[in-house]
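The values are calculated or read from the model by the stated rules, or taken from the named source; none is laboratory data. For clarity, every value in this text was computed on a predicted model and none was experimentally measured. Quick reminder, even Gly has a Cβ in these numbers, built from the backbone with ideal geometry, and neighbours come from all protein chains shown.
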Amino acid sequence: MRRRGARLAVALAALALAASPLAAQTPPVKPAAPAEQPAEPPPPYEPQLLRMAEVIGALSYLRDLCGAGDGATFRAKFASLLETEGNTPARKETLAGAFNRGFRDYEITYRACTPAAQEIVARFLEEAGRIARDVANRYGG
């Protein structure tokens, strides 16, 4: 658990860093097909992790919409988080579902960058940083 916690802390610390633009765009992460495996109990930080995935999904859409052009950076950071925490196909599907929900909810709501969208971006960046610090400090080992 400590080793996994350390990897999680590194992945979350990377998410908390300021976004930098990437040259190539990548599509949103699609959930993996469910497979038959014994259910593993979720980690104690599961609610925070799911919220983080949802926030990253929203940021990947909104940052591109508002001209930052770094949505691919957030998708790459989520892919790193998925690699670190997605130890079963069901877990990957859950995390990807949260990411996609965040992306789609704001894709439906915002067609243009508005002051409200910019405020949401600022709040989500702050929230993502707070979640990353809290989880890393509490469970990072």
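Of all residues in the range 86-102 being in contact with a Leu (Cβ under 9 Å, 6 or more places away or on another chain) and under 18 Å from residue 127 (Cβ atoms), which is surrounded by the fewest Cβ atoms within 10 Å (Cβ to Cβ)? Per the stated criteria, the residue is 98. Within the range 44-53, is there a residue that is at pLDDT 95 or above and of a type in the set (Gly, Ala, Ser)? Within the range 44-53 (the criterion being at pLDDT 95 or above and of a type in the set (Gly, Ala, Ser)), the answer is yes, since at least one residue qualifies.
Taking the listed residues 91, 104, the one that is modelled with pLDDT under 95 and in a helix (DSSP H, G or I) is 91, with no other qualifying.
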